[in-house]
């Protein structure tokens, strides 16, 4: 939801002072599109896969969390840490990445090492 609000903010001109600092971009459409494609779509895909308990959901969440964290870090030279939004979404990205990594580590749909050794010994 935050990415969609950011896209709307770009298109409504709320971030024009920041966009004006980007000398290689004319207008807010490109930053809005980048935010939508790089953040909103991966987060949405991870959400849908997670709600459906799809086997790829942890991987999608991990990727979305890493991309969100990287996106915030890439903005630092332009925005800095002065905005609480930066701190919030940096924390969200780290938390999502950590939760997805833990989720991947605790998956029960793959054979454990112990059962693999036991099966090999029985054969």
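The candidate values were (1) 37, 21, 14; (2) 39, 14, 11; (3) 20, 15, 14; the one computed from these coordinates for semi-axes √(5λ) of the Cα gyration tensor in Å carries the label (2). Mean residue ellipticity at 222 nm, helices only, the chain: -23000 deg cm²/dmol; runs of at least 4 DSSP H residues each add -39,500 (n - 2.57), and the sum is divided by the number of residues. The angle between the Cα long axis of helix 84-105 and the longest principal axis of the Cα atoms of the chain comes to about 20 degrees, rounded to the nearest 10. Largest GNM mean-square fluctuation across 61, 101, 34, computed for the chain with C-alpha springs under 10 Å, falls on 34.
With axes computed from alpha carbons, what is the tilt in degrees of helix 57-79 against the longest principal axis of the chain, rounded to the nearest 10 within 0 to 90? The angle comes out near 30 degrees. Between the Cα long axis of helix 113-122 and the first principal axis of the chain there is an angle of about 30°, rounded to the nearest 10.
Counting neighbouring beta carbons within 10 Å and listing from fewest to most, the residues 24, 15 come out as 24, 15.
Read-outs: derived from the displayed coordinates by stated rules, not from any lab. Owing to the predicted nature of the structure, the values given are computational and were not obtained by experimental measurement. In this analysis, Cβ positions are derived from the backbone assuming ideal geometry, glycine residues included, and neighbour counts consider all displayed protein chains.
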